[in-house]
Structure formats: C-alpha cells, structure tokens
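Notes follow once the structure below has been shown.
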Amino acid sequence: MKKLVTLLLAAGMVFSAANGASAVEMKVSGEWQVGFTFADNMYNNYNAAEKHDGFTDGSFKAAQRVRVNFDLVASEYLSGRVQLQAAGGTGSNTYDWGTAGVGGPGMEVTARLAYLDWMVPTTDVLVRMGRQAVATPSYTFGSPILDDTIDGVMVSAPINDMVALNLGWLRPVAELNKWGEPHKAHSSIDLAYLSVDVAGDGFKVTPWGMVGFVGSENIEGDFDMAGGALTENTTAYWAGLGGELSLFDPFKFTADFIYSGNDADHDAERSGWYAALGAEMKLSMLTPFLRGWYASGDDADSEDSGRMLSVGGAAAFDASGTYFDYYSQITDTIDVCNPAGTWGVQLGVKEVSFIEDLSHQLSVTYFQGTNNTERGANGGHARATNPFGYMTTADSAWSIDFMNSYKLYENLTANLLLSYLVTDFDKDVWGQDYDNVFRGTMNFTYTF
C-alpha cells in the first residue's frame, strides 16, 4: 500500500510538472478613454473653417473608446497579444454617445492588435508577427511617414551593446480573391523596412530605409504613394536619418532628414524631402523647447509632385492640436497627418509643474505652405480643392495649443486641451474665405 501511494504521488508530480511546462499565463491590461469636445468652425475634418450658409457655429461631442490587452505568456521567449477595441462603425476607433453604442446595429468590437512574439532559439533576436504598432524613426516631431497599426513581420536583432538591427515586411493593403466577387489584380502594397539603431553615452542615431511595391490599382486617396493616378505597378522608397544628442545636459538636440520618391510616370511621379531640428533645455520645474521643419512642395509648371510620400493617413506629425495630429485623443480634428508641402517653427514650454500631479504644456506654432499657388483650386495645375492638407506659399496659419494634465488617481488622468487655429488662407487661390478654428477637449484616461 505504501509503495502504491508513493507511485501515485510520483505520477502526480510528473503530471503537474508536464502540465506546468505547457501552461500559459494570461495578463490583462488596457486603456479606457472618455472625451468631451466643443469645436467651433470645424465641421468635417478637411471641410473645416469653410464659410457656409446654414451651418451652426459650434458643436459638442461626447465619445468613448475601450482597448483591452490580453497577453498570453508561455515564457520570456514566447508570448502573444490580442488587443480588443470597442469602437463605432466600420473604420472608426471610437463611438459617439447617443448613437447605437457598442453592440448596437453597425457597431463592432475588433482586434486592433494581434501578434505573436518569439525569440529565435539560443539568440537575442526577437520576431513579432501579425497586426502590430509600427512607427518609422522620428526624433523631433511625430513620424511624418508611418505611425499606426499594420500587418507584417518585424525582426529586432541586437548586434552588440551599442548597435541593433531592425528589419521587416509590412502589408498595409491586400485585395485577395473573394467568393462571388471579381478579383482586383495589382491592388496590394508591400513594404520592406530596414533600420539600424546606434546608441552611446549621450547620443542616438538611426539611419533607416523603406521600399514599397505598389500595385497599379491603388489610388492616392487610399495610400499616399503617388501624385496622381497610377498606370502601372510602382516602386516607392524612403531614406532617412534621425538622431538625438543629450551629451550636454540639461540640453537635448534632435534632427531628422527624409527623402522619398517613386518611379511612376507623368503626374503620378513624386519625390520630395523633409528636414526637422529641435532643441530643449530641461529645468527643475519646466522644459522650454524650440523646433521647426521644412518639407518640399509642388512647383508651378511640372506634371509631377515635389511632396514627400507617406503611408496614407497612417502618419502622426504632431505640430498642431487642430490642423496636424497633436494630442487628438479620441475626438475629431482636421488631422493632417504629414507635413508634406509645409514649413513651420514652434516655440513652447512643457513639463511645467507647480502643483503635485498637475502639469502643463503650451506651444505656439507658425506654419506656411511650400506648394506653388498655381496648384490651388483656381490654378492652372490644380492638385487640391482646399488648404487642409495642401497649403500654398500664399497660405499660413498660427496654432496655439495649451495642454493641462492632472493625475486624479494612480490610474486615472484628466487632460484639458485648448487649441486655437488662426487661418490666413488666400481667397484668390481657393475661391472662398476661411474662419479660425477652436477646439476644447476634456479627456479622461483610465489605464489598467
């Protein structure tokens, strides 16, 4: 009897060990946001500030977004993440209060992220496969090329303590065979990415490049890979260099340069460049900063475009809280995601704190177009119908952004953004007048 008990205990220990070896630990985290916004003269994103009869000035919106992460961890070498997002209708990442809400007709809960992380055996090489968050390097402003969720495979391989290699294949668009529907050939986009991170005492440098293989059926409105209608398959490319210098504490300097283009013909041909510089000085109670950028624009009389390419609306250039993509939270903005065809300078102060858990950031940004006025709505080589996303040399604006952040609890933060856009868009170019734009947003973020 004693031997039988001993055998049973041994079998139980073996079974427990085998079961433990295959066990997966689940970790739950996420972010819950609720936002209330009042906006004036910002009707429908790119129609913002147009003077129309019949529009009522001012609009109020309450919105909500929930993102929940499920991390399935087998070991430090193998894990997977699924992020569920409770949102509105197809393509929306929020839902507005007063509508059907999550679970109602046309509403959806989607997997915003779904990727697998694993280490190549006996190495420090990390492979991430699936829908993931990807951003091209940018040290001064938010990325003007790509900063979004995208499907693909990314590989990170440390070479030594100072150098790491990153490479990947990304697929932002793919039209496949569907039952009962005609196949649309040449409609995919594939991106090949490579970067090298070099970091040392007081500095970081990242040279990087990306090549895109664009099917002829893709259009500019879907992905900003061409200047006009494609007539054949096209190759797009980007080459960049960015860095940060923090050796001279408390000063920090940043710089970015990007050149991009494609090999399309006629009005679909496109090539352009972007440069940005930044400087800041970290003090005990605040950090003043100065930064600026220049991005090439279209000439007056050429068919092709002189503006830098981006991966559609997936960029995140953040020089303004109303015109560009700065701190949009979960509310609508004009949301121009890349700076192509503009230049600007920004002066501000951040990390201002006189009371515990309360901080402020204030910035003033002046920016102007670099596209020739002949490319405006009334020009002989028109490329755009309004100055939102396409400013000419006759168009300029001031953006004043005041962000306040208060930590109510360890996991709950309240943010108040006041943003005012002073527009000076040329009536001769666009054929109409434009108003100034105001946006005030109170946002609550619960992280868990």
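The values are calculated or read from the model by the stated rules, or taken from the named source; none is laboratory data. Given the structure is predicted, the values throughout are model-derived calculations rather than measurements. Virtual Cβ from ideal backbone geometry, glycine too; neighbours counted across all protein chains shown. Surface accessibility is based on the protein's heavy atoms, side chains included, excluding ligands, DNA and RNA. Shrake-Rupley method; radii C 1.70, N 1.55, O 1.52, S 1.80 Å.
Please give the peptides 384-396, 188-200, 150-162 ranked by average Cβ packing (other Cβ atoms within 10 Å per residue), highest first, as a rough proxy for protection.
Details: 384-396: 21.8, 188-200: 17.1, 150-162: 14.8.
The most tightly packed comes first, giving 384-396, 188-200, 150-162.
Taking +1 at the Cβ of each Lys and Arg and -1 at the Cβ of each Asp and Glu, which of 376, 358, 396 sits farthest along the dipole of segment 348-411 towards its positive end, judged by Cα position relative to the Cα centre?
Checking the options against the dipole of segment 348-411, the answer is 376.
So how much slack lies between residue 72 and residue 23, counting 0.36 nm per residue of separation and subtracting their Cα-Cα distance, in nm?
Here the answer is 16.7 nm.
State the extension gain, in nm to one decimal, for the chain segment bounded by residue 198 and residue 241, taking 0.36 nm per residue of separation less the distance between their alpha-carbons.
Stretched out fully, the residue 198 to residue 241 stretch lengthens by 14.3 nm.
Whenever you get a sec, compute what percent of the accessible area on segment 311-448 sits on carbon and sulfur atoms (1.4 Å probe). Display every interim value, and only then the final one.
On the way: 2910 of 5480 Å².
Answer for segment 311-448: carbon and sulfur cover 53 percent of the accessible area.
What nm value, rounded to one decimal, do you get for the distance between residue 300 and residue 416 when each label is placed 7 Å out toward the C-beta?
4.9 nm
Would you mind checking the pairs 27/282; 61/427; 350/407 and listing those with alpha carbons more than 24 angstrom apart?
On the way: 27/282 36 Å; 61/427 30 Å; 350/407 16 Å.
Check vs 24 Å cut-off fails for 27/282; 61/427.
Please turn the phi angles of segment 387-399 into ³J(HN,Hα) values with the Karplus equation 6.51 cos²θ - 1.76 cosθ + 1.60 (θ = phi - 60°), one per residue in order, whole Hz, x for glycine and proline.
Residue by residue, segment 387-399 yields x, 8, x, 8, 9, 9, 5, 8, 10, 8, 7, 10, 10 Hz.
For the charge dipole of segment 254-295, defined by +1 on Lys and Arg C-beta atoms and -1 on Asp and Glu C-beta atoms about the Cα centroid, which residue among 290, 255, 274 has the Cα displaced farthest towards the positive pole?
The residue sitting farthest along the positive end of the dipole is 290.
What dipole magnitude, in Debye to the nearest 20, does segment 260-414 give about its Cα centre under +1 on Lys/Arg Cβ and -1 on Asp/Glu Cβ?
520 debye
Go through 109-117, 208-216 and give me the packing order, highest mean Cβ count within 10 Å leading.
The densest-packed peptide leads the list: 208-216, 109-117.
Along the Cα-to-C-beta direction of residue 96, a point sits 7 Å from the Cα; which residues of segment 299-335 have their amide N less than 20 Å from that point?
322-323, 328-335
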